[in-house]
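So the structure is just underneath, and the comments pick up after that.
The values are calculated or read from the model by the stated rules, or taken from the named source; none is laboratory data. Source: prediction; values computed, not measured. Cβ atoms come from the backbone with ideal geometry, glycine included; neighbour counts cover every protein chain shown.
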Amino acid sequence: MLVQDWGTIEFHDAWRRQRELVDAVLHQDHPDTLVFCEHPSVITLGRTTQQGSVVTQRDILSQRGVDVIEIDRGGEATVHNPGQIVGYPIFHLQRTKPDLHWFLRTVEQSVIDALQSFGLESGRVEGLTGVWIESQRKICAIGIHCSRWVTSHGFALNVSNDLGLFSDIIPCGITERGVTSIQRELTSCPGLNDVRVELAQHFKRNFQQTT
């Protein structure tokens with residue numbers, strides 16, 4: 001598994017680069033690759049986004065410099081902004097295990113393990129995708145696309161980002177639970193690079209156990 005850091009990149013540029021990487025993994029025997037990046041403030045809408053999930057008028061969001069982009073991943077509305085680690089696992093599941101349920105649970109477990117390394121307990125909520133604190137506050141959203149067993153899109157882990165933008169949407173279509181970040185949950189927030197290192201370590205361990 002390769003790990004790449006694209007730094008801060010506009011969402012459309014990252015989406016294009018993902019498609020190029022998917023093609024390389026599928027047709028050119030490129031290794032499975034975990035991409036890390038950050039995005040300028042943007043709202044993305046997955047394939048199952050319900051009407052009304054963006055609660056702020058789009059012209060107002062545009063005036064604030066926040067794009068709203070419909071994309072081909074699963075899931076509903078979510079936010080990306082600086083201080084959030086976005087991870088794109090571009091993996092060919094036929095090299096490991098062609099099972100999307102297993103893939104999603106392994107992504108979740110890798111994030112859970114990384115958070116545990118900083119002393120932050122997290123877990124799952126039955127019937128909901130993502131990683132949660134005390135089953136009430138989502139700290140990591142997950143939404144993927146898969147074509148011919150190659151995955152794209154991925155997860156967004158709130159580290160030290162401004163959570164205010166989430167008030168402009170109904171996050172993941174869920175009204176009865178909130179969102180949080182590592183910074184909000186811990187008295188001392190680790191740096192973004194430290195979190196990326198732990199994520200990479202646990203992704204490699206959890207996914208390569210099956211090979």
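Among the residues of region 89-134, the one identified as in a helix (DSSP H, G or I), farther than 16 Å from Leu157 by Cβ and polar (S, T, N, Q) is Gln94.
Condition check: farther than 20 Å from Glu10 by Cβ and in a loop (DSSP other than H, G, I, E, B). Does Pro82 satisfy that? The answer is no for Pro82. Using the structure shown, decide if Glu134 is among the charged types (D, E, K, R), at positive phi and either at pLDDT 95 or above or within 16 Å of the chain's Cα centre (by Cα) (or both). Spelling it out, Glu134 is indeed among the charged types (D, E, K, R), at positive phi and either at pLDDT 95 or above or within 16 Å of the chain's Cα centre (by Cα) (or both).
The condition of being without any contact (Cβ under 8 Å) to a residue 40 or more places away in the chain and surrounded by 16 or more Cβ atoms within 10 Å (Cβ to Cβ) holds for only one of Val35, Val54, Val42, Val22, that being Val42.
Put simply, of Pro82, Pro98, Pro89 the only residue that is of a type outside the set (Gly, Ala, Ser), in contact with an Asp or Glu (Cβ under 8 Å, 6 or more places away or on another chain) and surrounded by fewer than 16 Cβ atoms within 10 Å (Cβ to Cβ) is Pro82.
Kindly establish whether Ala114 is buried (at least 18 other Cβ atoms within 10 Å of the Cβ) and at pLDDT below 95.
no
Picking from residues in region 152-178 that are aliphatic (A, V, I, L, M) and closer than 13 Å to His80 by Cα, the one that is surrounded by the fewest Cβ atoms within 10 Å (Cβ to Cβ) is Leu163. Scanning region 1-29 for residues that are part of a loop (DSSP other than H, G, I, E, B) and farther than 18 Å from Phe203 by Cα yields Ile9, Glu10, Gln28, Asp29. Residue check: is Ala200 surrounded by fewer than 21 Cβ atoms within 10 Å (Cβ to Cβ) and either under 18 Å from the mean Cα position of the chain (by Cα) or under 21 Å from Gln109 (Cβ atoms) (or both)? Against the criterion (surrounded by fewer than 21 Cβ atoms within 10 Å (Cβ to Cβ) and either under 18 Å from the mean Cα position of the chain (by Cα) or under 21 Å from Gln109 (Cβ atoms) (or both)), Ala200 qualifies. Filtered by the rule that a residue be surrounded by fewer than 18 Cβ atoms within 10 Å (Cβ to Cβ), outside any loop (DSSP other than H, G, I, E, B), in contact with a strand residue (DSSP E or B) (Cβ under 9 Å, 6 or more places away or on another chain) and not charged (D, E, K, R), region 57-79 gives Ser62, Val68, Ile69. Of the residues making up region 2-19, those that are buried (at least 18 other Cβ atoms within 10 Å of the Cβ) and either touching a residue at least 60 places away in the same chain (Cβ under 8 Å) or among the basic types (Lys, Arg) (or both) are Phe11, Ala14, Gln18.
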